1. I'd like to compare 286-293, 239-246, 350-357: which one has the highest average count of other Cβ atoms within 10 Å, and what's the full order after that?
2. What are the GluC sites (Glu not before Pro) within segment 319-392 that DSSP puts in a loop, where the Cβ has at most 10 other Cβ atoms within 10 Å?
3. Please turn the phi angles of segment 340-349 into ³J(HN,Hα) values with the Karplus equation 6.51 cos²θ - 1.76 cosθ + 1.60 (θ = phi - 60°), one per residue in order, whole Hz, x for glycine and proline.
4. Applying 1/(1 + (r/R0)^6) with R0 = 56 Å to the Cβ-Cβ distance of Ala176 and Ala365, what FRET efficiency is obtained, to the nearest 0.05?
5. About its Cα centre, how strong a charge dipole does segment 159-220 have in debye, to the nearest 20, once Lys and Arg get +1 and Asp and Glu get -1 at the Cβ?
6. Out of Ser279, Phe206, Val313, whose Cα points farthest toward the positive end of the dipole of segment 195-337 (charges: +1 Lys, Arg; -1 Asp, Glu; placed on Cβ)?
7. Let me know the volume per residue of the alpha-carbon convex hull for segment 256-343, in Å³.
8. What are the residues whose amide H is under 5 Å from the amide H of His107, where those residues sit 5 or more places off or on another chain and H is modelled from the backbone?
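What follows draws every value from the coordinates through simple rules; no lab data is involved. These numbers were taken from a predicted model, which means no experiment stands behind them. Please note: Cβ atoms are built from the backbone with ideal geometry, for glycine as well, and neighbour counts cover all protein chains shown.
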Amino acid sequence: MRALWIPVLVIAGLAGAALGRPKYADDGPPSPVVYPDQALPLVFTHARHLERDLGCDDCHTQAATSRSAVDNLLPGEEACSGCHPIDRTQPDKAVAGEPPARCDACHLGYAAGTPPARVVIPTPNLKFDHAAHVSRGMACTGCHGDLAAEDVALATRDQLPRMRLCLECHDGETAADACSTCHLTEVGVLRTELPEGALAPSGVVFGDAHGADFLERHGAAASRDEDYCGSCHRESFCSDCHTGVVKPADFHGGDYAMTHAVDARRNKPDCSTCHRKQSFCVGCHERSGVGTRAESDFDQDDADLRFHPADWVSLAGTNRHAREARANLDACASCHREDDCLACHTAELGSPRVSPHGPGWAGSARCEALARKNQRLCSRCHVSGAEQGCER
């Protein structure tokens, strides 16, 4: 017997009987965006019917041939009347030895003289073909659970499959794994703006829940599989932020300027993804009075007004800035422009010709790697052809 799909949600307090443990409790509740809120104002026990040797296809007769999630697969009164001696002219009818026939035995809150509350089942925001699954010999209990064993009274959305379960077959080999196989689409991407809300990953399967902090940590998900992101986002969605002139104002909190120094020192997230250090960072710091070119209350020649301590930069002495620059050059670049460094660190005639490289730099693997990556970087200091390259 096949336990066929029953896409219904019981209203809170709808049925007094326990509904049983949700089959997919570990994945959390079903998404109301994928499976919209539904109402089934009925008194019904699936487990009791299944125990009487009724198969789900005895009631859900059209499920095996259904090709669309739009189809309504709930049994009507005609299917129920095969066992229940229903007579609309006798709402209080009772027949000894027969299943209940009273209207209020099945219709929750029924009152004589009024029509019973109607079943409301919005179309799920999915594409689904029951017939294709049934034709492959798939047992419906594999997707909807064993309603008898789990003692399920009224089947709800808790008995509908979650994506983790679908991916056990939709792995790219047994069945197609493209998101558009099941999710609704528009031109080129999935349809994410739906009447019930925005469709977004829950994070249960891939750990990419689109929460409030996802803007700051989305890089890991994007670098793992850009095609996965491309299922919902067009390329312009990324480029508008990463290369656009106007950056999203909601990436950082409203007081971020007061606390950004901690993230900037760690470079978490990577500031250069959005900000050019030699314009954005230096420009802001100069306007704030801590840069090297704008008017400032700091005076390196006055012991009481120095930004850096004595001997911070010196050809003889502690020369403390070298260690700090090697540890975190980005911190230096937040106030100093490149030509501040080139005043000393250049091979031009007349300069101190101070090398920023440690001993054994020429010919090292690190020298060769940087030269291969960006030869123009070397030419900022090494101006003659004889000084180019990593030969010892």
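1. The packing order, highest mean first, is 286-293, 350-357, 239-246.
2. Here the sparse-neighbourhood loop sites are Glu391.
3. Computed from phi, the couplings for segment 340-349 are 5, 6, 5, 4, 10, 8, 8, 9, 5, 4 Hz.
4. Efficiency, from the Cβ-Cβ distance: 0.75.
5. Using only the charged Cβ atoms, the result is roughly 120 debye.
6. Val313
7. Per-residue hull volume (Cα only) is 116 Å³.
8. Result for His107 returns Val43.
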